[in-house]
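Colleague: Here it is, the structure in full.
The values are calculated or read from the model by the stated rules, or taken from the named source; none is laboratory data. Since this is a predicted model, take the numbers as computed values, not measurements. Here Cβ is always computed from backbone atoms with ideal geometry, including for glycine, and neighbour counts include all displayed protein chains. The area values use the complete protein model at the heavy-atom level, side chains included, leaving out ligands, DNA and RNA. Shrake-Rupley method; radii C 1.70, N 1.55, O 1.52, S 1.80 Å.
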Amino acid sequence: ESQYLLFPPGTSAVCAGSFRSSRTTFRPTVLGGWSKLAAVRSKEYVFRVRVRNPKTTPADNLWRVQLAGWESPAVPGYPLAEFRSPSVTVSNTAAGATTTITTRFGMRHTVPGQAGSAFGFIALCMPEGFTPLLKDSAVDGCLLTKVDSTPSGLRRTEFPLVTCTMESNIPNAIFLSNVQQGTEGINLLPGDYEFSARIQNPETAGMAENWGLSSYNRGGSLAIGGDICEPLEDGTVRRTDDILDYSVIPGYAVNAQIPSFRLSVSPTGQQESGEQAVWSIDVVLLNEIAVNDVLEVVAPAEYNMDSDGNGNCVSFSSTLLPAPACKGNLVTFSFPTPDSTPFVSPFGTPQATVVNMNIGLVNPPENPQRNVLELRHCRGGAACADGALLSSVQEPLWRVVPEFQQAVIAVPEVLAAGQVFLCSLTLVAASSGGAFLRLRSAGVNFGGCQATSNVTGFTATYPCVGSVGEATITFTEADAVLLPVGTPVVVDVANLLHPEEVGLSQWDIASGRQDPEEFVDATGVAISRMVEVVVDQTEAYSSYSVLGHVVMEPAVLCSVEQYAAGEGGQCMASAPWLDQVGNLVTMQINSLSLPGPAVVAGWSIVVTPPPGYRITEGRADCHPETRQVLADSTLEVCIFEPLDGFPERVTLGRLPESQRTRFEVPQDRGFLRIILADTVGPSTTLRFTVLVDNAPVAPAEAQNAWSLVIQDAAGVPQYTNDRTLTGFPLYGTLTDESFVRWRLNEYPGESNLVKVSIQLKSSLNGTEGLLVKVVAPPGFTFSRNCLATNPEIEQPPI
């Protein structure tokens, strides 16, 4: 039994349409007759109406039915087979220009991937004259991306297996399909997509025409018909059984391209972020400048043209044009009156006018994403966006090299001229793509450089190739590593040699990469080569000065046996015992390296012992010429004694106070400052003693060195020994409580047993056994097996 009811016999229906409404009237076919539409439970009347679908699915896609004053609930309408919100944007609208188009659209239906020999595809049909540019048999620069909205922002998913091709019989179309022989294709599900492609505009200017975008569910064995991009006379697409979605996209007008244009920059050479520059433009326009015309110079979005904050360009000059307005990356020339409108003879005329302009600006902090300048000539509006674009031209700009977000060079210890040193770089990249580091510093010998870095998160060794003045550290050879943006990276470079010249160091640091470049040589042959591109850089960085070298007499280091035998007179230290108070240390400066500044009276030698040592508080029996009273003590002390080379040793008689060598000790007693009273020549030998309190614990071998720095009268270091004077070893010693206490026999020549009590003043450490040596006065002799079996002896009665 049917669910539908037929209209009663003798009933006719007449439908009259008006815009989006239709009125259907039911009446008897016989004049004076009567017709009745009975209401029957669970039964429906059905009728059909003809409509023309809208250009796009309405946002309020609901149908409503009214009958005899009654209205039904809203009925959801059917979606149209179309793309949602399709659009095409373009980077260059000039005739004959190579440009990049970006097509965005929302798909309602799934485009199937390859399954066997069958596959679906998407077709973008451009007006006649537009041509896709091919590279390796595919459309250049084409990559399909799905764009999804998430709570954290847009998520982009690329489809590298979806290829963009051009069919020879349809030269103005781009086809996207997932055709990979031997693999299962990925279905393109409904959602929002975009893809870019490089095309060439028509050679002649023209009005905007519609573009067509369609998707198909078609077997791969079917040839793509040449009429797939030919719309019918009513603007609709040719219907095929396998079409999925279709939309008409408003295109863009193609304007004339200005053929005569020249752009230069001053200063010339590499353009660096934050530097001031001047763009010089010479152009011959295709049209005369009329009243109310507009000229616009559009820089990349990252530029901020030099203005006074009120829209006036600060640095501008021209022999023909009035002063423009500067705002952001836009320079606008307006011609509101005849007096402000210059006469310009257009291109192709015998006296064509060269329009010149010089525009000042500051280079942006980063290299622009789309690094192209555009000049536009427009008519009929206050800005090009409001009027008609008569002509335009685009010109690629030079790369702007940003500075590192952070670049710090530290030289931990060695600063003396001509000495081997290590430097540590801390870098924070501003741009991505840094595959190598280039270091430059005049006079530094990088020939044996060795580099380590934590660029991957853990420390590893990287190739370093250097020569005098320059080194290159490559990160990509082993792990395809690139410098991360915004993350501090430490690079240690060892085995470098300071220059022989003293003075403030200057370093140039740059990161870079190798990019492919294609060009045509003089014979017309296309050649591909790799060119070096600077990514980030910091120039003329200074953090330290190279100092003159203090050449020291090597320290005489003695063993504990030498001290025990009374042979310590020539040793560097007089009392090398742990925690010893008042150890006299002797040292000698042999010479000062040249070239270097002259050391004159008023300069000082700063002597810093190894960690744990302190300058002794006082000593009364020193050389009488150098006795002083320190500011923090009431004792007459002598912690420094001048020997060879000082005025006190080379001049007879007592010197006046102003000609005597003085010294100072800070409150923490961490160093001694010797204030010179006379000029010291480069080859002068200076020998002196310093009184110190030894460290309670022996310093680590790497830290056991003495520093000598010669400072000028202002306290600026000029010479250093780079802590190359090796310190003496410290030995343990005994306290005053150690002595021979018990004796059994006092008679001469007879055997005796004594008890030796030892109390350590410092801890003893060793892994190969401990030797205790007891030395008796002359005349005593020890038996071969001298250790008593029972050392516990009682004191004899007195």
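Colleague: Dipole magnitude of the chain about its Cα centre, charges +1 at Lys/Arg Cβ and -1 at Asp/Glu Cβ only, in debye to the nearest 20?
Modeller: About 3140 debye.
Colleague: If you count only protein heavy atoms and use a 1.4 Å probe, how large is the accessible surface of Lys135, to the nearest 10 Å²?
Modeller: Accessible surface of Lys135 is approximately 110 Å².
Colleague: Can you list the lysines whose alpha carbon is less than 20 Å from that of Lys327, not counting same-chain residues fewer than 8 positions off?
Modeller: Output for Lys327: empty list, no partners.
Colleague: Also, I was wondering about something else. Report in % the part of the accessible area of the chain that belongs to carbon and sulfur, leaving out ligands and nucleic acids; probe 1.4 Å.
Modeller: 52
Colleague: Report ³J(HN,Hα) in whole Hz for each residue of the range 399-408, in order, from the Karplus equation J = 6.51 cos²θ - 1.76 cosθ + 1.60 where θ = phi - 60°; Gly and Pro get x.
Modeller: Karplus-based 3J(HN,Hα) across the range 399-408 equals 6, 9, 8, x, 7, 4, 4, 8, 9, 10 Hz.
Colleague: Please compute the net charge surrounding Met552, taking Lys and Arg as +1 and Asp and Glu as -1 over other residues with Cβ under 13 Å from its Cβ.
Modeller: In short, 0.
Colleague: If the cut-off is a Cα-Cα distance under 26 Å, which lysines reach Lys135, setting aside same-chain residues fewer than 8 apart in sequence?
Modeller: Cα-Cα hits under 26 Å: Lys146.
Colleague: Still on this structure, please answer the following. Express in Å², to the nearest 10, the accessible area of Arg64 obtained by rolling a 1.4 Å probe over the protein heavy atoms while all chains stay in place.
Modeller: 130
Colleague: Enumerate the calculated ³J(HN,Hα) couplings along the range 264-277 in order (Karplus 6.51 cos²θ - 1.76 cosθ + 1.60, θ = phi - 60°), each rounded to whole Hz, writing x wherever the residue is Gly or Pro.
Modeller: 9, 10, 9, x, 6, x, 4, 9, 10, 4, x, 8, 6, 8
Colleague: What order, most packed first, do the peptides 778-786, 659-667, 156-164 have when packing is the mean number of other Cβ atoms within 10 Å of each residue? Can you show the working numbers first?
Modeller: Working: 778-786: 7.0, 659-667: 16.7, 156-164: 14.9.
Listed from highest to lowest mean packing, they are 659-667, 156-164, 778-786.
Colleague: Indicate, rounded to the nearest 5 percent, the antiparallel portion of the DSSP beta bridges found entirely in the chain.
Modeller: For the chain, the DSSP antiparallel bridge percentage is about 95.
Colleague: In terms of solvent-accessible area of protein heavy atoms at a 1.4 angstrom probe, what is the ranking of Lys36, Lys146, highest value first? Before the final figure, lay out each step's value.
Modeller: Numbers: Lys36 115, Lys146 35 Å².
Largest accessible area first, the list is Lys36, Lys146.
Colleague: Setting aside same-chain residues fewer than 8 positions from Lys755, which lysines have a Cα under 26 Å from its Cα?
Modeller: Counting by Cα, and skipping residues close in sequence, Lys755 has these lysines nearby: Lys773.
Colleague: So who's got an amide H within less than 5 Å of the one on Val444, skipping anything under 5 residues away but keeping other chains? H placed 1.01 Å off N, in plane.
Modeller: The answer is Gly469.
Colleague: Using modelled amide H (1.01 Å from N, peptide plane; none on Pro or chain starts), what sits under 5 Å from the amide H of Thr353, excluding residues fewer than 5 places away?
Modeller: Ser345
Colleague: Moving on to the next point. Which label belongs to the value computed from this structure, given these candidates for Rg and Dmax of the Cα atoms in Å: [x] 29.0, 90; [y] 46.2, 169; [z] 40.4, 143?
Modeller: [y]
Colleague: Could you sort Leu31, Leu753, Leu672 by their accessible area in this structure, using a 1.4 Å probe and putting the largest first?
Modeller: Leu31, Leu753, Leu672
Colleague: To continue, here is another question. Given a 1.4 angstrom probe, what's the average accessible area per residue across the chain, in square angstrom?
Modeller: 56
Colleague: Which of Gly380, Phe404, Gly466 sits closest to the plus end of the dipole of the range 360-484, meaning its Cα is farthest towards the positive end, when Lys and Arg get +1 and Asp and Glu get -1 on the C-beta?
Modeller: Result: Gly380.
Colleague: Might you work out the accessible area of Glu194 for me, using a 1.4 Å probe with all protein chains in place, and round it to the nearest 10 Å²?
Modeller: Approximately 40 Å² of Glu194 is accessible to the 1.4 Å probe.
Colleague: Near Pro402, within a Cβ-to-Cβ distance under 9 Å, what is the net charge of the other residues, with Lys and Arg +1 and Asp and Glu -1?
Modeller: -4
Colleague: Counting other Cβ atoms within 10 Å of each Cβ, which chymotrypsin sites (Phe, Trp or Tyr not before Pro) in the range 439-543 have at most 13 and sit in a DSSP loop?
Modeller: Phe458
Colleague: What order do you get for 112-119, 294-301, 711-718 when each peptide is scored by the mean count of other beta carbon atoms within 10 Å, highest first?
Modeller: With the highest mean Cβ count within 10 Å placed first, the list reads 294-301, 112-119, 711-718.
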